[in-house]
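The structure under discussion appears below in the form of structure tokens.
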Amino acid sequence: MQWRNFLRTTIARTSLTSLALLAASAPAAAAKGRPGSDWCPPLVARLPKISLAECRNSQLTPTGIHTPNGFPLLARELPADARHPNATRVLLLGGIHGDEQSAAAIVFKWLEYMQQPGEREFEWKVAPVVNPDGLLAPTPRRVNAHGVDLNRNFPTPNWQQEAPRYWARATRSDPRRYPGKAPISEPESRWVHDTIEKFKPDVIISVHAPFGVLDFDGPATPPRRFGRLIYQRVGVYPGSLGNYSGLHKEIPVVTIELANASLMPPEAEVRRIWQDMQSWIRRNVNAPLKTARNS
Ligand SMILES: [Zn+2]
């Protein structure tokens, strides 16, 4: 289904209050040349505890890349505040699996925190919904509209041999874990790949659910604990972002696995994960790697 059709269906089901909000803000956005107000209603219909206003306040802008169903990939760059020159660059990705709604929603909460004064010691590039087609499918799906598991589609070494073989043998050709016909065959995974090349993050945070742990790949000390989530290896897979970026490109990747795919964690936990994540970055990514790089 094209996302515009989805949007129409969603709006038809939306309450009058939301419709009034939509009508009130659409002309303002259009006047600024920012047609972004259209993207939020279908997204928030799927995101636990994210209001239309919160989605709009995130000020995501289109990257110029569209999904197979024509939905724009949305992102935002936020520089560090003036007290932090040469700040660590963090790429924060949510919702690479479309059926992990909490993993997209929590990134919108963190985008709110980032916009509060005194909260930006790092330079951020944030994409809360990397797989909008999966999220917006009639029933949210792990894979994108081409049926590809984007987190198995990154160009790890020997992908052509290993990814299809792993899929056939270890997953018994599970359609939810199909790696695609070729590495970065999908616009969404190609965008992540190209963003790593251009933005040159010092660390990548990718949010998933529902295993309730932290996983880590790459050259840094793994995080021990963010909020209630404790470090525990989940695994290394051909074509995964952790494998590609952490092990192959040597950019540390923290995979946050929230405990529930459809429910937002309590607000105190959302805040604790955010604070623990920043203090881990501060201690383990910033100084040691920057020093090594400059020497
Ligand atoms: Zn996932």
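The values are calculated or read from the model by the stated rules, or taken from the named source; none is laboratory data. Worth saying up front: this structure is predicted, and the values here are computed from it rather than measured. In this analysis, Cβ positions are derived from the backbone assuming ideal geometry, glycine residues included, and neighbour counts consider all displayed protein chains. Ligands, DNA and RNA are stripped out before the accessible areas are found, and what is left, the full protein with its side chains, is counted by its heavy atoms. Shrake-Rupley method; radii C 1.70, N 1.55, O 1.52, S 1.80 Å.
The lone criterion from (1) more than 11 Å from the chain's Cα centre (by Cα); (2) within 15 Å of the ligand (Cβ to nearest atom); (3) open to solvent by 20 Å² or more (accessible area, probe 1.4 Å) left unmet by LEU150 is number (3).
Results for (1) out of contact with any Phe, Trp or Tyr (no Cβ under 9 Å at 6 or more places or on another chain); (2) away from the ligand (no atom under 16 Å from the Cβ); (3) outside any helix (DSSP H, G or I), shown as yes or no for each residue.
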{"residue": "PHE154", "(1), (2), (3)": "no, no, yes"}
{"residue": "ALA163", "(1), (2), (3)": "no, yes, no"}
{"residue": "PRO179", "(1), (2), (3)": "no, no, yes"}
{"residue": "VAL192", "(1), (2), (3)": "no, no, no"}
{"residue": "PRO201", "(1), (2), (3)": "yes, yes, yes"}
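Sub-7 Å Cβ pairs linking a first residue in the stretch 64-81 that is part of a loop (DSSP other than H, G, I, E, B) to a second residue that is among the aromatic types (Phe, Trp, Tyr), at least 6 apart or interchain, are ASN69/TRP3; GLY70/TRP3; PHE71/TRP3; ALA80/PHE122, ordered by first then second residue.
Counting only strands (runs of 3 or more DSSP E) that sit completely within the stretch 207-295, those holding 2 or more residues that are of a type outside the set (A, V, I, L, M), within 16 Å of the ligand (Cβ to nearest atom) and modelled with pLDDT of 95 or more correspond to 213-217, 253-257.
Among residues that are within 17 Å of GLY235 (Cβ to Cβ), without any contact (Cβ under 8 Å) to a residue 60 or more places away in the chain and either open to solvent by 30 Å² or more (accessible area, probe 1.4 Å) or within 16 Å of the ligand (Cβ to nearest atom) (or both), ARG172 is included. With respect to the conditions (1) β-branched (Val, Ile, Thr); (2) within 16 Å of the ligand (Cβ to nearest atom); (3) closer than 22 Å to VAL254 by Cβ, VAL143 falls short on a single one, namely (3). Residue under question is VAL254, and the condition is that it be under 27 Å from PHE71 (Cβ atoms), touching a residue at least 24 places away in the same chain (Cβ under 8 Å) and open to solvent by less than 50 Å² (accessible area, probe 1.4 Å); does it hold? Against the criterion (under 27 Å from PHE71 (Cβ atoms), touching a residue at least 24 places away in the same chain (Cβ under 8 Å) and open to solvent by less than 50 Å² (accessible area, probe 1.4 Å)), VAL254 qualifies. Across the stretch 102-117, the qualifying residues are those that are open to solvent by 30 Å² or more (accessible area, probe 1.4 Å) and part of a helix (DSSP H, G or I), and the one among them that is farthest from the ligand (Cβ to nearest atom) is GLU112. Within the stretch 273-293, one or more residues are open to solvent by less than 10 Å² (accessible area, probe 1.4 Å) and more than 19 Å from the chain's Cα centre (by Cα). Being in contact (Cβ under 8 Å) with a residue 12 or more places away in the chain, assigned to a helix (DSSP H, G or I) and more than 16 Å from the ligand (Cβ to nearest atom), is that true of even one residue in the stretch 119-134? Within the stretch 119-134, not a single residue is in contact (Cβ under 8 Å) with a residue 12 or more places away in the chain, assigned to a helix (DSSP H, G or I) and more than 16 Å from the ligand (Cβ to nearest atom). Note on the stretch 257-267: residues that are surrounded by fewer than 20 Cβ atoms within 10 Å (Cβ to Cβ) and either over 16 Å from MET114 (Cα atoms) or in contact with a His (Cβ under 6 Å, 6 or more places away or on another chain) (or both) total 7. HIS84 passes every criterion in (1) within 25 Å of GLU54 (Cβ to Cβ); (2) away from the ligand (no atom under 16 Å from the Cβ); (3) in a loop (DSSP other than H, G, I, E, B) apart from (1). Take the conditions under 20 Å from the mean Cα position of the chain (by Cα) and open to solvent by 10 Å² or more (accessible area, probe 1.4 Å) and apply them to GLY134. Does it pass? For GLY134, the condition - under 20 Å from the mean Cα position of the chain (by Cα) and open to solvent by 10 Å² or more (accessible area, probe 1.4 Å) - is not met.
Among residues of the stretch 91-109 that are closer than 20 Å to SER189 by Cβ, those with a beta-carbon under 7 Å from a residue that is within 13 Å of the ligand (Cβ to nearest atom) and of a type in the set (Lys, Arg) at least six positions away or on a different chain give the pairs HIS97/ARG142; GLY98/ARG141; GLY98/ARG142; ASP99/ARG141; ASP99/ARG142. Residue count for the stretch 60-80, restricted to those that are in contact with a His (Cβ under 9 Å, 6 or more places away or on another chain) and either surrounded by fewer than 18 Cβ atoms within 10 Å (Cβ to Cβ) or at pLDDT below 95 (or both): 1.
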